[in-house]
Amino acid sequence: MFGSKKSRRTTTLDDLVGRLRPDLTREALGVGPDFPGVAPNPLLSRQARRRNADLRSGVLALGTLVDWREVSSDGSPRVVLMLDVNTAEGTSFRGIADETLTITELTRLAAGQELPVRYRPAVMDHYVALAPDADQAEVQRLTDVVAQHGA
C-alpha cells in the first residue's frame with residue numbers, strides 16, 4: 001500500500017484509436033506497423049498543423065482511393081483517406097490523408113477514384129494531402145507520366 005509503486009501503463013494513440021474506433025486500427029485498414037495510422041486532429045496538434053502546411057506545398061502525385069473512414073462529423077466531416085500513390089519518378093506507396101471535406105465532396109468519394117495529392121519526398125512518411133488546387137494540365141501530364149511507368 002504505502003511505498004509501493006503502481007505500474008503505469010502508457011496509453012498510445014494506437015491503443016486509444018483501437019478502443020474508440022476499431023475500424024481505424026492498422027489491422028482494420030490492412031496496413032503494417034510502419035503505416036502512420038490516424039493523425040492527431042490538426043486543429044489540436046501543432047505537429048499535425050505543421051505537417052499539413054508542409055504537405056500543401058509538397059510535390060504533386062496521383063493517388064487512387066482505396067478506402068476512407070469518417071473520423072468526425074462535427075460541422076464539416078473529417079475523413080481519413082487511404083490511397084495508393086504513384087509519383088512522377090515511378091515510386092509507389094500507400095498514403096494516408098486526413099482531410100476536412102464538405103458533404104458534397106464526401107458523397108462523391110468512391111474506391112478506385114484517382115485524385116491529385118501532394119507528398120513530401122524528403123520525408124516519405126506515408127502522409128499525403130489532397131491537391132484540389134492543382135492545375136488540370138499539370139494533373140494530366142502527371143497521369144500520362146504515371147501511365148508510362150506502369151506500362
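Key figures for this structure:
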read-out	value
Positions within the range 65-84 being polar (S, T, N, Q) and out of contact with any Ser or Thr (no Cβ under 9 Å at 6 or more places or on another chain), in sequence order	73
Verdict on residue 23 being modelled with pLDDT of 65 or more, surrounded by fewer than 15 Cβ atoms within 10 Å (Cβ to Cβ) and of a type outside the set (Ser, Thr, Tyr)	yes
Residues that are part of a strand (DSSP E or B), open to solvent by 40 Å² or more (accessible area, probe 1.4 Å) and charged (D, E, K, R), drawn from the range 58-93	67, 69, 70, 84
Residue list for the range 94-129, restricted to those being touching a residue at least 40 places away in the same chain (Cβ under 8 Å), among the aliphatic types (A, V, I, L, M), under 13 Å from residue 64 (Cβ atoms) and assigned to a strand (DSSP E or B)	115, 117, 128
Residue, surrounded by the most Cβ atoms within 10 Å (Cβ to Cβ), within the range 94-107, restricted to residues that are of a type in the set (Ser, Thr, Tyr) and in contact with a Ser or Thr (Cβ under 9 Å, 6 or more places away or on another chain)	100
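The values are calculated or read from the model by the stated rules, or taken from the named source; none is laboratory data. All values reported here derive from a predicted model rather than from experimental measurement. As a convention, Cβ positions derive from the backbone with ideal geometry for all residues, glycine included, and neighbour counts pool all protein chains shown. Ligands, DNA and RNA are excluded from the accessible area calculation, which covers all protein heavy atoms including side chains. Shrake-Rupley method; radii C 1.70, N 1.55, O 1.52, S 1.80 Å.
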